[in-house]
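The values are calculated or read from the model by the stated rules, or taken from the named source; none is laboratory data. For clarity, every value in this text was computed on a predicted model and none was experimentally measured. Quick reminder, even Gly has a Cβ in these numbers, built from the backbone with ideal geometry, and neighbours come from all protein chains shown.
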Amino acid sequence: MIVSNMNQRVALVTGASRGIGRAIAERLAAAGAEVAVHYHRDKTGAEETLERIGGRGFLIGAELGVPGDVDEVFAQLSDGLAGRPLDILVNNAAASPAGPIETDTEAAFDALFAVNVRAPYFLIQRLLPVLRDGGRIISLSSSATRFANPIQTSFAMTKGAVETMTMTLAHALGPRSITVNAVSPGATRTEANGAFFETPGLVDFVTQNTSLGRLGRGEDVADVVAFLASDDARWITGHTVDATGGLFLGPRFG
């Protein structure tokens with residue numbers, strides 16, 4: 001996918017030490033952007049991401065979903081920006097599903113919402129003063145919001161909240177020409193989750209129920225994010241873009 005040149009632009013990608021976040025950082029950097037690579041525990045992975053983008057950026061190490069998280073990210077981002085505005089915010093970092101309602105706990109539920117909902121919401125709030133007019137906010141949702149998967153109930157609830165946030169903030173920030181969109185990946189295999197797809201029969205089940213007949217790759221999602229971050233997507237806001245390859249669109253006949 002060819003997108004507009006992003007030279008002289010700065011992007012923050014949360015959770016960029018591996019997986020889809022790393023792919024997004026690489027894609028934005030390939031378009032010319034400088035990338036603030038956020039990580040929590042995996043500093044080595046974040047350093048590898050930075051190396052893979054040719055050092056075009058800087059690291060931000062901070063845990064999300066805890067008191068003071070947004071202030072910590074803002075302080076490190078401000079140092080890296082050195083007075084420049086932020087052009088692109090990608091809310092990619094997320095906590096994993098906590099399980100079905102029978103085994104879920106209040107602590108796990110609260111932690112999930114703290115990372116997946118509270119952190120991106122208040123990060124946007126904190127960064128609005130440094131996000132330039134005409135900037136881009138892109139959050140990662142999930143295909144779990146459009147079909148019933150009882151083992152991901154609370155996780156799907158968090159991503160539903162992200163999609164609602166996307167729509168309402170798009171309306172609120174329109175006067176500043178800031179676009180706000182979400183991208184919804186499906187079954188996406190990366191170097192970070194490869195072991196999960198070793199589950200017997202899983203790949204066959206998913207690919208048979210995906211219109212395009214394969215698992216997603218990190219770059220599939222990253223290309224969509226890069227498009228939404230570009231000038232080419234200037235007239236798209238308030239939407240969640242399905243980047244699943246047609247996962248569970250319906251039964252096949254014949």
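Name the pairs whose Cβ atoms lie under 6 Å apart, with the first residue in the stretch 197-215 and hydrophobic (A, V, I, L, M, F, W, C), the second surrounded by 15 or more Cβ atoms within 10 Å (Cβ to Cβ) and in a helix (DSSP H, G or I), and 6 or more positions between them or separate chains?
Note: pairs meeting the criteria are F197/V203.
Among the residues of the stretch 21-35 satisfying the criterion of being among the small types (G, A, S) and not in a helix (DSSP H, G or I), which is surrounded by the most Cβ atoms within 10 Å (Cβ to Cβ)?
A33
It is to be established whether one or more residues within the stretch 167-186 are at pLDDT below 95 and farther than 20 Å from N116 by Cα.
So far as the stretch 167-186 goes, no, none of its residues is at pLDDT below 95 and farther than 20 Å from N116 by Cα.
State which residue is modelled with the lowest pLDDT when the search covers only the stretch 193-217 and only residues that are surrounded by 17 or more Cβ atoms within 10 Å (Cβ to Cβ) and in a loop (DSSP other than H, G, I, E, B).
Step by step, filter the stretch 193-217, then rank; the result is N209.
Select, from R27, R18, the only residue that is more than 21 Å from T166 (Cβ to Cβ), in contact with a helix residue (DSSP H, G or I) (Cβ under 8 Å, 6 or more places away or on another chain) and not hydrophobic (A, V, I, L, M, F, W, C).
One residue alone meets the criteria, R18.
Pick from V90, V70, V66: which is surrounded by fewer than 16 Cβ atoms within 10 Å (Cβ to Cβ) and touching a residue at least 40 places away in the same chain (Cβ under 8 Å)?
Being surrounded by fewer than 16 Cβ atoms within 10 Å (Cβ to Cβ) and touching a residue at least 40 places away in the same chain (Cβ under 8 Å) holds for just one of V90, V70, V66, which is V66.
Checking V224 against (1) of a type in the set (V, I, T); (2) at pLDDT 95 or above; (3) touching a helix residue (DSSP H, G or I) at 6+ places or on another chain (Cβ under 9 Å); (4) under 23 Å from R18 (Cβ atoms), only one condition comes out false. Which one?
That leaves (3) as the condition not met.
Hey, can you tell me all the residues within the stretch 34-60 that are farther than 29 Å from D133 by Cβ and touching a His at 6+ places or on another chain (Cβ under 9 Å)?
Within the stretch 34-60, just A46 meets the criteria.
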